[in-house]
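Have a look at the structure below, then the notes.
The values are calculated or read from the model by the stated rules, or taken from the named source; none is laboratory data. Everything numeric in this text was worked out from a predicted model, so none of it was measured. As a convention, Cβ positions derive from the backbone with ideal geometry for all residues, glycine included, and neighbour counts pool all protein chains shown.
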Amino acid sequence: MKVATKKFDIFKRKRTWAGILLAQFLLFYIFSTVEFIAGLFARFFEFQKKFHQQFFAWLPFSLGDILYIILGLVLIFFFIKILKKQTRKAYLLKFLILLNLLYFVYQIFWGMLYFQKPILDQLPEEKITVEETKNLTLKYLNLCKQTRKTVKEDRNGVFKAYDLNGVKTEILSHQNGLPKFISNKNGTAVNAFKPSLFKGIMSYTGILGYYNPFTAEAQYNAELPSTYLPFTLAHESSHQLGYAREQEANFIGYLLGRNSEHSELRYSTEYFVLKSLLNSLSENNPDFVKEVLRQYSPEMKKDRLAEKMFIKKHEGFLDVLFGFTNDLFLKTNQQEGSVTYSYFIDLLIRYERTVQ
């Protein structure tokens, strides 16, 4: 009789936790559709982010990555136990409790930020023309040529970022210098940049970096070519400021690096902008894109070749798989897919109009 009662209690609690999880899905979905509530979550993030970053920043390694490894092992353990008939009910209950906890913490600390008011609403509306995009592309081509002359190279003549600590300090110093009509978020000046423990895997997935919502650490792939690295740090710093949407984080990263006195950060930023503009034009204006690529300086051509070799070396199944899952994740959070640049280009061009 006691065994039967125990099984009934487990079943009842399973239904309860499954119901709580479903209720969370529905509740946070409703919250995401109400601008005022989404704004409250953004203000909560603003209130807690410095403490959150300081709490984990002092560690010399990525605690978030270690937690992910532990979580992965726990999930595998649960999966094995759930497959076994004699332990299925008890561990399914524990699995549901864990899912509820993780989902709640994720939404409170990060998930709802995807639904805050878009940056685009802060910029003047006006139709963007192809001619305007081409002119801006040529502007950034010339800026890249000039800045490329000021950075250091490796023995193969490829750009090498030797001062990542200086880049991090520079990014943090610019957090409070963002245009007030675009950003009302406060910088924390907390150095919570961490090289990812998964850098080897990341190189095969196309992931440059990621923000950990549980530890507020900004992870980056230390194996990346230097053309990627400084801007990736600026991008992840934008997430730490509270910009969840990928293309908005790109835009804030661009603002952090565009006028930097640190040449490594400025070149990486300008180079990212140039590539984004060329990607946005590539489908309908391939001849223009080819002409711009021909006009790269010899040094920039070496940097581009190094990028292509890195990508070629790490092509494979994981790249396709993570590209698909990342694209799906972005779209479920009301963002464009991972290979779409139009929103960033809209933000870029509209902002460039205000500073000309």
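Worth pointing out:
- Selected residue (only one of Tyr103, Tyr140 is in the same structural domain as Lys290 (by TED's automatic domain parsing), out of contact with any Pro (no Cβ under 7 Å at 6 or more places or on another chain) and not polar (S, T, N, Q)): Tyr140
- Looking across the stretch 194-218, the residues that are under 21 Å from Arg245 (Cβ atoms) and assigned to a loop (DSSP other than H, G, I, E, B) come down to Thr205, Gly206, Ile207, Leu208, Asn212, Pro213, Phe214, Thr215, Ala216, Glu217.
- Residue list for the stretch 38-55, filter: among the aromatic types (Phe, Trp, Tyr) and either loosely packed, with under 14 Cβ neighbours inside 10 Å or under 15 Å from Asn184 (Cα atoms) (or both): Phe41, Phe44, Phe45, Phe47, Phe51
- Among the residues of the stretch 178-187, none qualifies, meaning not one is in contact with a strand residue (DSSP E or B) (Cβ under 9 Å, 6 or more places away or on another chain) and within 17 Å of Ala218 (Cα to Cα).
A quick yes/no check of all residues on (1) over 17 Å from Pro60 (Cα atoms); (2) more than 17 Å from the chain's Cα centre (by Cα); (3) at pLDDT 95 or above; (4) not β-branched (Val, Ile, Thr):
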site: Val151; (1), (2), (3), (4): yes, yes, yes, no
site: Phe159; (1), (2), (3), (4): yes, yes, yes, yes
site: Val167; (1), (2), (3), (4): yes, yes, yes, no
site: Ile207; (1), (2), (3), (4): yes, no, no, no
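- Some residue of the stretch 219-234 being in a strand (DSSP E or B), assigned by TED's automatic domain parsing to the domain that holds Arg266 and surrounded by 23 or more Cβ atoms within 10 Å (Cβ to Cβ): yes
- Qualifying residues in the stretch 69-94 (those that are surrounded by 15 or more Cβ atoms within 10 Å (Cβ to Cβ) and in contact with a Leu (Cβ under 9 Å, 6 or more places away or on another chain)) - the one nearest to Ala218 (Cα to Cα): Phe78
- Residue under evaluation Lys194, criteria (1) closer than 28 Å to Leu67 by Cα; (2) modelled with pLDDT under 95, criterion not met: (2)
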